[in-house]
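The values are calculated or read from the model by the stated rules, or taken from the named source; none is laboratory data. Quantities reported herein were computed from a predicted structural model and do not represent experimental measurements. No Cβ is skipped: glycine too gets one built from the backbone with ideal geometry, and neighbour counts run over all protein chains shown. Areas reflect the complete protein model, heavy atoms only, side chains present, ligands, DNA and RNA absent. Shrake-Rupley method; radii C 1.70, N 1.55, O 1.52, S 1.80 Å.
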Amino acid sequence: MNVTSVRPQWQQELAQSFTDPQQLAQHLNLPSQWVEQHQAARRLFPLRVTRHFANLMQRGNTQDPLLMQVMPHADEFIERDGFIADPLAELNAGQYGVLHKYKSRVLVILRGGCAINCRYCFRRHFPYADHHFGPAELEQLIELIQNDANINEVILSGGDPLMATDKQLDQLLTRLEQLPQLKRIRIHSRLPVVLPSRLTQELAHRLAASPLQAILVLHINHPQEISPALKQGLALWADAGITLLNQSVLLAQINADADVLTELCEALFAARVLPYYLHQLDQVAGASHFAVSDEVARALLHQLQVNLPGFLVPKLVREIAGEPSKTPL
Ligand code: SF4
């Protein structure tokens, strides 16, 4: 039997991802010398990018805002005070792939892998191998929820939780649906952006049929990421009744610009997604060149308030280790 023929389309596409900077450069017509200058940063965090995402980049442009999010860069070797391996102090906070960070919500590291490796990822040093979420961990999660009446929402995170198969998600949902205290299930994912085929109708219908209200929080940083295929997938999910929100990370040279952010918020709403958070960068080692000062961030927010109706202005926040919620700037 041909195994690939029974794999869902998104998994087949995932298997075709670029992992070699020179191959990506060739695909995009970029100078191989330029890639050589930077590719040592690969060993700090490997390159991984889907063909769909690569095809949204402008050929021949080393400054393309999508390329700069994924291509290893020599600036990742810069050491800057305050930029550390575990900026959110998660390494010792959780167990069994479960992080109980907030009072009413429990965060599950469901899958370690991602379909893309973003250079600014705050979990780029996270030891995913130690956070396996299997059947035993599921039982421990259920017990944790049952022992804490404050918990009413489960957030699936990662890595990327949509790397789990529909069957695995169905099994998890089926167990969670038996806990009457739970109201919502939230999925945080960048996978639809880089693999729109992951937004299957089957999964949307499974979530829509759940007594838990389902929310998909996307991670889109730039209007160029909103492709026709993504819009089509989002329309399927919106039609099924799934609430769609977006969070972006504020990134120097990529989206730290009032016009780009305004266009992003407008494009999100046109794709039936509400802008939710604009995050100040988590200060992770290797990503300091993406940082934007608070002063600039506040000025950008002010400009967004001028340019957009209030419901399209995301909340500007920072996550501070140990705080009970995100901190507005
Ligand atoms: S998709 Fe999210 S978790 Fe994965 S590398 Fe990018 S920022 Fe990190």
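Just a few scattered comments:
- Label-reachable residues, region 264-281, where backbone N falls under 15 Å from a point 7 Å from Lys231's Cα toward its Cβ: 264-273
- List Val292, Val217, ordered by accessible area with a 1.4 Å probe, largest first: Val292, Val217
- Dividing the C-alpha radius of gyration of the chain by 2.2 N^0.38 Å, with N its residue count, gives 0.98.
- log10 of Debye I(q)/I(0), alpha-carbon scatterers only, for region 3-77 at 0.11 Å⁻¹: -0.29
- 5 angstrom amide H check on Val98, placed H, neighbours 5+ away: Ile109
- Computed magnitude of the charge dipole of the chain (debye, nearest 20; Cβ of K, R +1, Cβ of D, E -1): 500
- Averaged over its residues, region 35-124 has an accessible area of 46 Å² per residue, based on protein heavy atoms and a 1.4 Å probe.
- Highest-first packing order for the peptide set 44-50, 109-115, 226-232 is 109-115, 44-50, 226-232, based on the mean count of other beta carbon atoms within 10 Å.
- For the chain, the share of accessible area belonging to carbon and sulfur comes to 49 percent (1.4 Å probe, ligands and nucleic acids excluded).
- Cross-link reach list, lysines versus Lys326, counting only Cα pairs under 26 Å and skipping chain neighbours closer than eight places: Lys101, Lys103, Lys183, Lys315
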